[in-house]
Structure formats: structure tokens, C-alpha cells
Amino acid sequence: MHLTQDKDYRFPEGFLWGAATAAHQIEGSPLADGAGPSIWTRFAHTPGMTLNGDTGDVACDHYHRWKEDVRLMRELGLQAYRFSVSWSRILPGGTGRVNRKGLDFYSRLVDELLANGIEPLLTLYHWDLPAALDDRGGWLNRDCADWFAEYGSVLFRELDGRVKKWVTLNEPWVITDGGYLHGALAPGHRNRYEAPIASHNLMRAHGAAVQAYRAEGRHDIGLVVNIEPKYPASDSSGDLAATRRAHAYMNEQYLHPALLGRYPDELAEIFGDAWPQVSDADMRQIRQPIDFIGINYYTRAVTRADDSWPLRAGSVRQPLGTYTETGWEVFPQGLTDTLVWFRDTYGDLPIYVTENGAAFFDPPVAEGGRVRDPLRIDYLRKHLRAIHDAIAAGVDVRGYMAWSLLDNLEWSLGYSKRFGIIHVDYGTLERTPKDSARWFSGIIGSHGRAL
Ligand SMILES: OC[C@H]1NNC[C@@H](O)[C@@H]1O
């Protein structure tokens with residue numbers, strides 16, 4: 001039977017195909033070779049903070065298996081690999097003394113990637129703040145902008161040129177909503193006065209790192225945000241207002257200051273007396289010109305007014321929707337809408353989809369080493385087609401990083417959720433490419449035509 005494709009999903013020349021991970025989720029050995037503890041080492045070792053008490057002490061043991069993992073990337077034909085650096089491997093105390101062994105780990109990884117024709121995309125901060133800096137107030141201390149710029153400069157001097165795409169922060173919304181407002185993530189605070197201060201300082205740190213890069217670096221630097229488009233559950237004034245608040249809080253709170261130099265008005269409404277006064281000088285520091293934006297997309301939220309704290313907006317489960325293991329609706333159109341919205345709101349800044357993927361209940365590795373994950377293939381196919389639709393609408397999308405290369409530590413959910421295109425047996429640490437990995441490899445090889 002000859003399947004005729006009624007649409008050619010070929011992607012533009014130069015479109016970058018890859019996969020993404022983060023240090024604390026895959027590396028293990030968090031204190032090896034002189035590294036200092038991070039807030040996630042502490043948080044996960046605090047009873048009750050993670051499912052089953054799961055920690056990043058072993059994770060995927062990428063710290064020792066990195067060469068094998070790069071070989072797997074090459075075998076899959078990945079053109080790029082997005083990863084993060086653990087700050088406290090580089091600066092065990094957060095500032096000051098550089099730990100050469102920590103720097104050497106990432107320098108070797110970058111060289112191995114380049115030797116295998118894989119472009120590194122390096123994220124400076126993917127949630128694992130050095131514990132020593134948390135002891136000094138962490139993201140609540142205005143000095144964090146200088147701490148972060150110092151850390152970034154160490155890496156810029158060591159790796160720029162081999163690394164040509166840098167990311168300052170991964171998902172500042174998750175860092176503050178999870179770590180300072182609702183307390184589900186490290187450092188586990190639940191304080192509506194702290195959350196906006198942490199957000200503002202994170203964005204000051206982003207600006208300071210970009211300024212430091214312009215002094216040290218010669219290539220590209222950007223910011224990665226998670227975007228979840230909000231669709232009103234009804235056209236009632238309450239639901240429309242709640243949708244507007246939710247959109248401002250999750251999707252505009254970081255892009256507006258970074259790209260427009262101001263916060264959305266709704267934030268003062270949401271936080272009330274907890275919304276801090278911010279100076280024009282701070283806003284100028286935050287709004288540093290960047291070379292690209294990274295957008296992480298997983299799902300949408302149909303939104304209605306409710307009595308939730310402090311947003312007064314909640315999501316409505318869709319009775320006919322398909323949901324992943326993390327309870328996220330599969331809604332590819334939301335990715336097209338997000339990419340078009342970004343371009344219409346912030347202009348033609350190049351975009352990378354720096355994370356997209358899903359956790360489904362995967363079967364165990366079958367005889368002969370297969371892991372059948374048809375739902376993940378379907379999810380990835382639909383979202384890649386959605387990106388193609390946005391490109392057809394004129395949006396400058398430059399690349400796609402599947403989340404994730406490996407099954408890994410899903411933060412407070414421990415190892416219960418598997419996002420990888422490669423299965424990891426957490427007992428033996430054996431890697432097994434899933435059907436989705438082989439499928440993705442074919443998509444890369446056909447440059448999207450096989451979608
Ligand atoms: O929840 C899936 C992913 N979302 N973005 C940040 C990553 O660290 C998560 O594992």
C-alpha cells in the first residue's frame with residue numbers, strides 16, 4: 001500500500017535536530033571530584049521532598065557514562081545536544097575558587113560532542129544552585145546577579161568557540177513558581193513575597209550574564225522559557241480575566257522584561273502588596289539584546305476563574321483530551337499558536353524549541369532490546385508537524401531538541417516519569433534506544449520528510 005503524503009513536512013536547510021538533558025537529572029555523583037552540594041542535593045535528601053525519597057546521587061550515571069551517551073547520540077544522527085552545567089562542580093562554594101576537575105568534565109564532554117559532529121547547546125543554570133549560595137540568600141539576594149555573571153564568565157573563557165550557543169537560565173517560571181511560591185521544588189519555599197523577588201533577581205542575573213558574555217564571548221546567547229498557552233474555558237468575564245492573569249504570570253512574566261523591558265501589568269494585580277518596586281536601572285540590565293529564544297513546550301491549559309492562591313485561575317481537564325503520564329493534555333496546535341504568538345508579540349528573534357516531549361507508561365525492554373513507545377512517536381510527530389506549520393506561517397524556528405535524550409530524574413517526581421527516547425534501566429544503568437529514538441533518527445535523516 002503506497003501512503004501518499006498530502007503534505008511535504010521537509011524542514012528548512014540548516015534546521016538543527018537534537019535532544020536535551022540537564023545535569024542534575026542525568027549525571028549522578030553530585031559531589032565527585034571536588035564538587036559542592038547544590039540545593040537539589042539538599043532538597044532530595046530532605047525526607048518527604050521527593051517521591052520514594054529518590055535523589056540524584058546515581059541518576060543515569062552520565063558522569064561516568066558520558067562517552068557511551070555521546071556514541072548513542074551519534075548513532076541516532078543527532079546534530080545537537082542541549083545539556084546543562086552543574087554550577088557547584090565548577091565553583092563548589094558558588095563563587096571564588098574554580099574546581100578544575102569539574103571544568104575538565106564539561107570540557108571533555110564538549111570535545112567528544114564536537115569530535116562526533118554534534119553541536120553543544122550549553123545551559124548555565126538548570127535549577128541546581130550551589131547550596132553555599134542558598135545559604136547566602138540564593139535568588140533572594142541581589143548579589144546573585146554578580147555571582148551568576150562570575151560563574152558564566154568562568155565557562156565563557158573555558159568553552160566559548162567550542163560552544164557557540166549558550167543559554168543563561170532554563171525556565172525561570174518553574175524555578176520561582178516551584179521553588180519559592182508553591183514549594184514543590186528546591187529550595188522549597190512557599191512565600192508570595194519571595195516569588196517575585198526571586199523572579200526579578202533571576203532576570204537580573206540573566207542580564208548580567210549576557211553582559212558578561214558580550215565582554216568574553218563571540219557567539220550566541222539566549223534565554224529558555226517554558227510556555228503554556230492559555231485558552232479561556234468560556235467567554236465569561238471571570239474566565240477571560242483569569243486566562244489573562246495566567247498568561248501574564250506564566251508566559252509573559254519573563255519574556256516581557258527580557259525583550260520589552262517591562263513586566264506585564266497583571267503581575268501587580270496577582271501579587272498585590274507582594275509585588276516589589278523595581279528600578280529602571282534593573283529593567284535596563286535585564287533587557288540585554290539576545291541572539292535567540294528557547295521555547296520549551298509540553299501542553300496547553302484551558303483556563304477558568306477559581307479561588308486558587310494567588311492566581312485565582314485554574315486549568316480545566318478536557319473530557320475528550322488525551323493526557324500524558326504527567327497529566328498534561330496532548331495539544332500540538334498549542335505549539336503552533338505559541339510560536340506564532342511569540343513572533344507577533346516579540347518580533348522575529350530566532351527560536352529554538354529547546355524542549356518538547358512526553359512521559360508515557362513505557363513497557364519493559366522486550367526480548368531483543370526493543371522498547372515500544374508508539375504514544376511518544378505520535379506525540380513527537382504531531383508536535384514536529386505543528387512546528388512545521390508555524391514555519392510555514394513565517395516564524396523563524398531554527399531547531400528542535402527532544403526532551404529527553406534519556407529517561408531521567410523528574411525532580412520531585414523522582415524516577416517515576418520516563419521522558420526519554422532512550423530507556424534507562426535504573427538497576428543496571430543499561431541504555432536501550434526506544435522505538436521513538438529510531439523513529440526520530442529517521443526523521444532527522446529525512447529532514448522531516450518522513451513525518
Ligand atoms: O517536566 C519535563 C521537563 N520540563 N522542563 C524542565 C525539565 O527539567 C523537565 O524534566
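The values are calculated or read from the model by the stated rules, or taken from the named source; none is laboratory data. Fair warning: this is a prediction, and the values are worked out from it, not measured in the lab. All Cβ positions, even for glycine, are placed from backbone atoms using ideal geometry, and neighbour counts span all protein chains on display. Just so you know, the surface numbers come from the protein's heavy atoms only, side chains and all, with ligands and any DNA or RNA stripped out. Shrake-Rupley method; radii C 1.70, N 1.55, O 1.52, S 1.80 Å.
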The stretch 139-176, residues that are open to solvent by less than 20 Å² (accessible area, probe 1.4 Å) and under 19 Å from I295 (Cβ atoms): W166, V167, T168, L169, N170, E171, P172, I175, T176
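So that you can scan it fast, the table gives a plain yes or no per residue for (1) farther than 29 Å from S315 by Cα; (2) under 18 Å from the mean Cα position of the chain (by Cα); (3) within 16 Å of the ligand (Cβ to nearest atom):
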{"site": "H189", "(1), (2), (3)": "no, no, no"}
{"site": "Y193", "(1), (2), (3)": "no, no, no"}
{"site": "S199", "(1), (2), (3)": "no, yes, no"}
{"site": "Q211", "(1), (2), (3)": "yes, no, no"}
{"site": "D235", "(1), (2), (3)": "no, no, no"}
{"site": "L260", "(1), (2), (3)": "no, no, no"}
message: Could you list, ordered by first residue, the pairs with Cβ atoms under 6 Å in which the first is in the stretch 399-419 and under 18 Å from P364 (Cα atoms) and the second is within 8 Å of the ligand (Cβ to nearest atom) and of a type in the set (V, I, T), at least 6 apart or interchain?
response: K417/T326
field: Top-ranked residue of the stretch 346-374 - restricted to ones that are away from the ligand (no atom under 16 Å from the Cβ) and hydrophobic (A, V, I, L, M, F, W, C), ranked as surrounded by the most Cβ atoms within 10 Å (Cβ to Cβ)
entry: I351
field: Complete set of residues in the stretch 248-294 that are out of contact with any helix residue (DSSP H, G or I) (no Cβ under 9 Å at 6 or more places or on another chain) and crowded, with 20+ Cβ neighbours inside 10 Å
entry: F292, G294
message: Can you say whether Y323 is without any contact (Cβ under 8 Å) to a residue 12 or more places away in the chain, within 16 Å of the ligand (Cβ to nearest atom) and on the phi < 0 side of the Ramachandran plot, as far as the supplied structure shows?
response: yes
field: Residues located in the stretch 395-427, provided they are within 12 Å of the ligand (Cβ to nearest atom) and either among the β-branched types (V, I, T) or on the phi > 0 side of the Ramachandran plot (or both)
entry: W411, G414
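Filter the stretch 156-187 for residues that are in a strand (DSSP E or B) and under 20 Å from the mean Cα position of the chain (by Cα) and give the result.
Selection gives V163, K165, W166, V167, T168, L169, N170.
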query: Which residues, taken from the stretch 415-451, are open to solvent by less than 10 Å² (accessible area, probe 1.4 Å) and over 21 Å from V353 (Cβ atoms)?
result: V424
task: Identify all residues within the stretch 104-129 that are open to solvent by 10 Å² or more (accessible area, probe 1.4 Å) and over 16 Å from the mean Cα position of the chain (by Cα); write none if there are none.
output: D104, S107, R108, D111, E112, L114, A115, N116, G117, E119
message: Condition (residue is touching a Cys at 6+ places or on another chain (Cβ under 9 Å) and either closer than 30 Å to Y180 by Cβ or open to solvent by less than 30 Å² (accessible area, probe 1.4 Å) (or both)) applied to the stretch 7-20: is it met by at least one residue?
response: no
- request: Filter the stretch 21-36 for residues that are farther than 10 Å from S86 by Cα, of a type outside the set (S, T, N, Q) and surrounded by fewer than 24 Cβ atoms within 10 Å (Cβ to Cβ) and give the result.
  value: G28, L31, A32, D33, G34
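Okay, residues lined up against (1) more than 22 Å from P433 (Cα to Cα); (2) β-branched (V, I, T):
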| site | (1), (2) |
| --- | --- |
| V330 | yes, yes |
| D337 | yes, no |
| D348 | yes, no |
| A359 | no, no |
| P363 | no, no |
query: What number of residues in the stretch 396-414 are in a loop (DSSP other than H, G, I, E, B) and surrounded by fewer than 20 Cβ atoms within 10 Å (Cβ to Cβ)?
result: 2
query: Say we look at the stretch 328-337 and pick out the residues that are open to solvent by less than 50 Å² (accessible area, probe 1.4 Å) and closer than 18 Å to M250 by Cα; which of these is farthest from the ligand (Cβ to nearest atom)?
result: T336
